[in-house]
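The values are calculated or read from the model by the stated rules, or taken from the named source; none is laboratory data. Because the structure is predicted, anything quoted here is derived from the model rather than measured. We place every Cβ from the backbone using ideal geometry, glycine too, and count neighbours over all the protein chains shown. Heavy atoms of the whole protein, side chains included, go into the accessibility calculation; ligands, DNA and RNA do not. Shrake-Rupley method; radii C 1.70, N 1.55, O 1.52, S 1.80 Å.
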Amino acid sequence: MTRDRLHLARVSRRDFLKTSAAMSGAMLVSFNLAEPSTSFGQGPIAGSPQLSQLDSWIAIAADGSVTAYSGKEEMGQGISAAQIQLVAEELCVPVNRVKLLYCDTALTPDQAHTSGSQSHPANFNHDNLAQAGATAREALIRLASQRLGVSADQLTAKDGVISGASKSVGYGQLVGGRKFNLALDRNAKRKDPKDWTVLGKPVPRPDLPELVTAQFEFVHNVRVPGMLHGRVVRPPSVGATLVGVDESSVKNVPGFVKVVVKKNFVGVVAQKPWQAIQIAEKLKVNWSPGPALPSHENFYTHLRYQRPTRDTALVDSLDVEEKWNQGASLRSTYLHPYQMHGSIGSSCAVADVQGDKATIWSPTQAVWYQRNTCSMLLGIKPENIHVIYRRASGCYGLNGADTVTYDAAILSQAVGKPVRVQLSRKDEMAWENYGNAYVIDQHAATDAKGNIIAWEHESWSPTLGNRPGPGTPGNVVTGFLLGFEPEPFVARSPAPDPESYNNGSNGIPSYVAGKIKGKAYGTGTIESERVMLHSVRSSFWTGPLRSPARLQNTFAHECFMDELASRAKADPVAYRLRHLRDPRLIAVLNAAAKAANWTPRPSPKPDLRPGGIATGRGVACVLYEGDNGYSAIAVDIEVNQDTGQIAVKRIFSAIDVGPISNPDGLRNQIEGGALQGMSRCLGEHVTWDDQKITSVDWSTYHTLPLGFEVPKIESVLINRPAEKTNGAGETSITVIAAAIGNAIFDATGVRIREVPFTPDRIKSSLGTRT
C-alpha cells in the first residue's frame, strides 16, 4: 500500500495487515485487535494488552517472512539493524527475511521515547521485542511438534524451518493466516550467546542503499495530494507577546492562502514554499517587548545566585565537613554553556487535519506522546490522530522536531488541507530547546599520600520546558505560544534526604562509594561525599541534548580528577585506578590506555615550552548513568600556542556495553559521539543580547568547520555476552571534553575549566601562565 493510499484510507493496524497480505499474496498472522494504548506514562505499562501480546510484536507471513514491530525508531543511529538482528536471532531466520516497522501509532507498540541510550537495552533486556522472538520460536516448535508428531525436544529451528526425525515444516505453514493468541512468555528461553549466528556480526544497515542512492524518504520529502506550505512568524525577542497582526500587506502576494493567529502563535499558509517565506517576511506583526535577558558576559554569576532553586541531594555521607581539616583541600569551578542541536537540515513536518481526524508525519522521538499532545492542541480525540514517524536530520535529543509538528498541525487545521512546514535556520536555532548550561563547584580533600578522602560536588543549572510529555505541549515554544504552560518549576530548598541511589545525571563521581538507606552504591573508594544539585528557571527553552547533564558533570569530575592527580604528582591513569573498584570500569580504562600506548608519568609533561606547537595527552572515564555503559577515552592533541588552535590527532576509545549485537554499529556510535563531542567542546555555545538569541546561523554558532582535520579513532570493544545490554549512543561523547581538557593541561600546563576551548580562550589562558 502506498503512503498516500494508507493516509487517505485512515487505516487501522488490522486494515494495514489485511491489505499488505492481499498485495503480497502472503497471509500474515493477524494481530491483537485492541486499540493502541492510550496510556502516556514514561514507558510500557505492566499488563497492557497491546504490549503483553505476542501478536503486537511479531507477524509471520505464509511465505515464512517475518514482520517485526517496534516502538523504538531509527534516527540514523543504526538501531534498526540491531533490532532486525535481534528478531532474526531469536526466531532463527536469516536477516533478509525480517522487515522492521517502527513508531506508527496505527501499527506499532507504545514504547515511549526513543532516547537516552535506552532503545537497544529496552528491546534486548526486557519483555519486549527479544522476548517476543523467543516466545514465538517456542510456540512454533510446539506447533511443529503437534504437526509432525515429534517430541519438541527433538526439534530444532533454522532458517525459518523446524526439523527433526527426518521431518520438517516451515514457519509459514504453521501459522499462516492465524493468530498466535499468546502473551509474551517471560520464561521463554532466549538464545545462548554462544549459539548466536546473527547477533554479534557486522550486519549492514538496511537503510543504507536508499540513503546513498538518494531514494530514502525523509520527512522533508513527504508529499500529500493537495498539500500547501506553511511558515511560522516567531516573536522578535524572548518573552514578547502579540499585540496585533495587519494582513493587508500580504493578501495580494501570489500564492497567499491564509494568515493564522491563535493566542501568541502566528503563521501563514501559501501554495508554495517560497511564497510562504515571502508572505511571512512581509506580514506586519506588532509585538510587545519581552523582559531584559540576563547579561551574557556575567551569566555564570547570575546562574549561581539566581533564586528560587529546586535542590536535590544525590548522596550525603554527613561527614564531609570534618574531612576538610584532615588533609589538603582543593577547590575548582567548571563552566559549561548552553548548546544547541544545530541539526544540518532544519526541522520539518507534514500534517493533514480534516474535521475530527488528523494524520501527521513527524520526526518526533515519541509518536504516542505527540498523538496525545496534538489532541490537546487540536481538540481532537487521541484515537482519531494518526502519527507516523519519518526521519529528519539527526538530533540526539530535542531539536525543533516536536514544535514544527505542532506548527504544521495548527496551520493544517486552520485551512482544512495538508500543510508542510519547514523551519528557517533562524527559527530553528533561536527557539529550540537548548542543552543545559552549568556551573559546577568541586571540592576534595586528600591525605598525606594524595589519596582522596572526601569529595563534594555542587552544581547550578537552568531549566525551562523539556520533551512534550503525556500532557505538556507547552514544553516547546509552539505549545507555549498557543497558551499551554511548560512543566512548572517547583522550588524546593532545602533538599530532602536521598531515598535511593540515582546517578542518571552522572552528578555522582565514579570514584565514590557509600550507602543510602543501608543499601550500598558506587564504584570507587571514597566513602565521604556530598552531591547537591540546584535547578533554576531558565530564560530559554531547555531539553535533552546528547548526554544531557552527564556530559557536563563528567567534564567537571574527570578534569578535577586530573587536577588531584597532578597535585599528587601521580600518573592520571594510575591515580584513577587507585580510586576505582568496579572491574568493568577498570577494564575499559586500562584498555584505552593500552591502545594509546600510555606511558605512566604525571601531567603536565616535562620541559614545557612557551610557544609553537605543544603536544599532550589526556584521559577520562565514566560509568554512564551509573549503570548503563562503561567508557574510557585517551586522546593525543596538538596546541598551537601562538594561535590557540587545538588539533585532536588521535582518539583511543574503549567501551563495554555488555553483549555486542553489531560491532560496526557500536563503532559508529563511538566515533560519531566523539566527533560531536569535539565540536561541542572546541567551539559550540549559544549567545544572546539583552533581548534575543544571536547565534542563529552557522557563522554565529561555532561548530567544527567543514574540512576540519578528522582525528584517527581507534575503538576497543569489550564484549561481555553474559551481562545485560547497556546503551552506546551517549558514552564516548560523555568523556571526550574532559579528555581534551586534560590533554590541553598536559601540553601547556594551563588548566582551562570552561567549555568551549576556543582559540581566544586558549590564548588568553596561556597569556596568564607563569
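Quick look at the numbers
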quantity	calculated
The chain: antiparallel DSSP beta bridges as a percent of all, rounded to 5	75
Overall dimensions of the stretch 106-254 by Cα: Rg and Dmax, Å	26.2, 83
Inverse mean reciprocal Cα-Cα distance (Kirkwood Rh) of the stretch 438-767, Å	20.8
Whole-Å semi-axes of the stretch 307-393's equivalent ellipsoid (Cα gyration tensor)	49, 19, 11
Cross-link pairs beyond the 27 Å C-alpha cut-off, checked among Lys191/Lys594; Lys72/Lys649; Lys99/Lys426; Lys201/Lys724	Lys191/Lys594; Lys72/Lys649; Lys99/Lys426
Over the stretch 640-703 - Rg/Rh using Cα atoms and the Kirkwood inverse-distance radius	1.14
Furthest towards positive pole of dipole, Leu101, Pro705, Ile651, structure part the chain, Cβ charges	Leu101
At least 20 Å along the helix axis (C-alpha) and Kyte average at least 1.0, DSSP helices within the chain	732-748
Euclidean distance between Cα centres, the stretch 73-117 to the stretch 498-577, Å	33
Cα-based Rg of the chain normalised by 2.2 N^0.38 Å, two decimals	1.00
Mean separation of Cα contacts under 8 Å, 6 or more apart, over the residue count of the chain: relative contact order %	13
Table column - 3J(HN,Hα) (Hz), the stretch 621-628, Karplus curve with 6.51, -1.76, 1.60, x for Gly and Pro	8, 6, 9, 4, 6, x, 7, 10
Total charge dipole magnitude, the chain, about the Cα centre, Cβ charges on Lys, Arg, Asp, Glu only, Debye to nearest 20	1200
Accessible heavy-atom area order of Glu529, Glu458, highest first, probe of 1.4 Å	Glu458, Glu529
Sum of -39500 (n - 2.57) over DSSP H runs of 4+, divided by residues of the chain (222 nm, nearest 500)	-8500 deg cm²/dmol
Bins of 10 Å, starting at 0 and running to the largest distance - Cα pair percent for the stretch 240-326	13, 24, 17, 16, 13, 8, 7, 2
Whichever lysines have a C-alpha closer than 20 Å to that of Lys167, once near sequence neighbours (fewer than 8 apart) are set aside	Lys158
